[in-house]
1. Given the options Tyr136, Tyr147, Tyr165, name the one that is under 17 Å from the mean Cα position of the chain (by Cα), modelled with pLDDT of 90 or more, of a type in the set (Ser, Thr, Tyr) and over 16 Å from Leu9 (Cβ atoms).
2. Pick from Val51, Val38, Val66: which is under 20 Å from the mean Cα position of the chain (by Cα) and either within 20 Å of Gln168 (Cβ to Cβ) or not polar (S, T, N, Q) (or both)?
3. Taking Ala60 as the residue in question, decide whether it is at pLDDT below 95 and either surrounded by 15 or more Cβ atoms within 10 Å (Cβ to Cβ) or not in a loop (DSSP other than H, G, I, E, B) (or both).
4. So how many residues does the stretch 131-148 have that are of a type in the set (A, V, I, L, M) and farther than 12 Å from Ala72 by Cβ?
Amino acid sequence: MERRLAAILAADAVGYSRMMREDEQGALALLRKHRSEVIDPTIAKHHGRTVKLMGDGLLAEFASVVEGVDCAAEIQRAMAARNGGQGSRQMTFRIGVHLGDVIVEGDDLYGDGVNIAARLEGIAGHGGVCISRQAYDQVQKKLALGYRSLGPQILKNIPDPVEAYAIQGDGLATSDDRQEIGYCRTADGVRLAYAISGQGPALVKTGNWLTIWSTIGTAPSGDIFLSDFRELIGSSVTILAAPGFRIGTLPTYRWTPG
């Protein structure tokens, strides 16, 4: 039994079954068009090979994980550009990439290396790319893409959690989005966990309902102030897209979750 280390790319079309129900011939023609004009040439350009086609999905192999991830990002950039002028005839793909050991049998590949790539594709966003930690470690300093940690993921039929990363948006981001996890205490001693992700205006998301008034504000400097979350049902407070963060106090105003 032959084994080798390979970068595996798994892709499928989002909502293809619905498109087939609505217009079978049109959906098939559109899928073939995208494969022949975008996906197949891009795989070849990055020295990959298509292992097999599976309905609206495909599996490809690359000797270099850098080439595999770059290929995935290029496909998504090209598809975003094509969909921009297609009106209702849009087709988007999800792509997963993993670097792992595979079993070789003829022209086909098997094993956890293949299965993990397929499961990562399943959790990728529409038009997005999801890669494993093994792939991320090899590409993060070589490809100028925006990466967002998704943390350990429980994937179907994979025994151990897989640490995953999303390539932001259409893959055109040029630097990592800011991410931070920290802890703070309210005036009455309640310990809170908070997370910050992204850039821009602040958004607060709680694990569940706040039961007592809370305060959040933005100082002229752009810093985000969070004051006295007295009681929280849930385990964390998430600050999304905060340009700067520090715990402080402001004159309070009342906000009711709804």
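The values are calculated or read from the model by the stated rules, or taken from the named source; none is laboratory data. This structure is a prediction, so every number in the text was calculated from the model and none was measured. When we count neighbours, we look across all protein chains shown, and the Cβ atoms used for this are built from the backbone with ideal geometry, even at glycine.
1. Working: Tyr136 fails: over 16 Å from Leu9 (Cβ atoms); Tyr165 fails: over 16 Å from Leu9 (Cβ atoms).
Of Tyr136, Tyr147, Tyr165, the one residue that is under 17 Å from the mean Cα position of the chain (by Cα), modelled with pLDDT of 90 or more, of a type in the set (Ser, Thr, Tyr) and over 16 Å from Leu9 (Cβ atoms) is Tyr147.
2. On the way: Val51 fails: under 20 Å from the mean Cα position of the chain (by Cα); Val38 fails: under 20 Å from the mean Cα position of the chain (by Cα).
It is Val66.
3. On the way: at pLDDT below 95: no; either surrounded by 15 or more Cβ atoms within 10 Å (Cβ to Cβ) or not in a loop (DSSP other than H, G, I, E, B) (or both): yes.
No; evaluated as a whole, the condition is false for this residue.
4. As a first pass, look at the stretch 131-148 and keep what is of a type in the set (A, V, I, L, M): 131, 135, 139, 143-145.
Now narrow it down to the ones that are farther than 12 Å from Ala72 by Cβ: 144.
The qualifying residues number 1.
Table: residues versus (1) surrounded by fewer than 17 Cβ atoms within 10 Å (Cβ to Cβ); (2) closer than 18 Å to Asn157 by Cα; (3) in the same structural domain as Ile158 (by TED's automatic domain parsing).
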site	(1), (2), (3)
Val69	no, no, yes
Gln76	no, no, yes
Met91	no, no, yes
Gly100	no, yes, yes
Asn115	no, yes, yes
Gly122	yes, yes, yes
Val129	no, no, yes
Val139	no, no, yes
Leu145	no, no, yes
